[in-house]
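Read through the structure below, which is laid out as structure tokens, and then see the notes.
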Amino acid sequence: MARPYQKANIPGPEMGTSVFDPKVMANILKSPKKKVFVIGAESLNWELDGKKVADYYVDIANKINTHVVSTGHTYGYLKDKIPNDKLWDMSLINITGRLQDKDWNGLDGKGQYSMAIFGGHLVYYVSQTLSRLKNFQNHLRTVELDKYSHPNARFSLPNLSDADWKEFLEKVIENL
């Protein structure tokens, strides 16, 4: 287990797992669960050797054929990269509340999700989202793909440098 990126992030008795192997993360993402990928605006600001992190997330979302929720101002960037029937625009707080509700029927009306993937959010903002989902529901697995360790996510990455994060994401995409 990697140390939480935020030193004061005390998750309680249940802590998530840091996934160090991209093949393992790819297998988690390929699981047959109904998934949603929540992509935040920081993914447009972060670049890895000139490629926006949002583009890595688009590759992942398209390979696993999942619904995507764009938060912040990411919709304009994603609308030409994600099929229209797979892309929605919603705030992080709104999608968090819906994911917590076990009776919500999902974005497509066909049932609640069993896995939520997050990426491209400010670390302290998504940490609170993950904490809420961990503590106030029991039907959803959470995955965090940013370069920080999040003990409130069921699966997250260890704390990585940009170079290691780029390599990790590329290997995940290769193994999907």
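A few notes on this one:
- Candidates are the residues of the range 50-66 that are of a type in the set (S, T, N, Q) and in a loop (DSSP other than H, G, I, E, B); the one that is farthest from Leu99 (Cα to Cα) is Asn65.
To keep it simple, each residue is scored yes or no on (1) surrounded by fewer than 21 Cβ atoms within 10 Å (Cβ to Cβ); (2) at pLDDT 95 or above.
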residue	(1), (2)
Leu107	yes, yes
Val126	no, no
Phe136	yes, no
Ser161	yes, yes
Asn175	yes, yes
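- Residue count for the range 109-144 under the criterion of being over 19 Å from Asn45 (Cβ atoms), assigned to a loop (DSSP other than H, G, I, E, B) and either touching a strand residue (DSSP E or B) at 6+ places or on another chain (Cβ under 7 Å) or β-branched (Val, Ile, Thr) (or both): the result is 3.
- The requirement of being surrounded by fewer than 18 Cβ atoms within 10 Å (Cβ to Cβ) and at positive phi is not satisfied by Gly120.
- The range 67-86, subset touching a helix residue (DSSP H, G or I) at 6+ places or on another chain (Cβ under 7 Å) and either among the aliphatic types (A, V, I, L, M) or part of a helix (DSSP H, G or I) (or both), residue surrounded by the fewest Cβ atoms within 10 Å (Cβ to Cβ): Tyr77
- Across the range 34-54, the qualifying residues are those that are under 17 Å from Leu130 (Cβ atoms) and of a type outside the set (Asp, Glu), and the one among them that is surrounded by the fewest Cβ atoms within 10 Å (Cβ to Cβ) is Lys35.
- Unique residue being basic (Lys, Arg), closer than 22 Å to Phe155 by Cβ and either modelled with pLDDT of 95 or more or in contact with a Gly (Cβ under 7 Å, 6 or more places away or on another chain) (or both) when the list is Lys52, Lys35: Lys35
The values are calculated or read from the model by the stated rules, or taken from the named source; none is laboratory data. Because the structure is a prediction, the values reported are computed rather than measured. Neighbour counts are summed over all protein chains in view; Cβ atoms, including those assigned to glycine, are modelled from backbone coordinates with ideal geometry.
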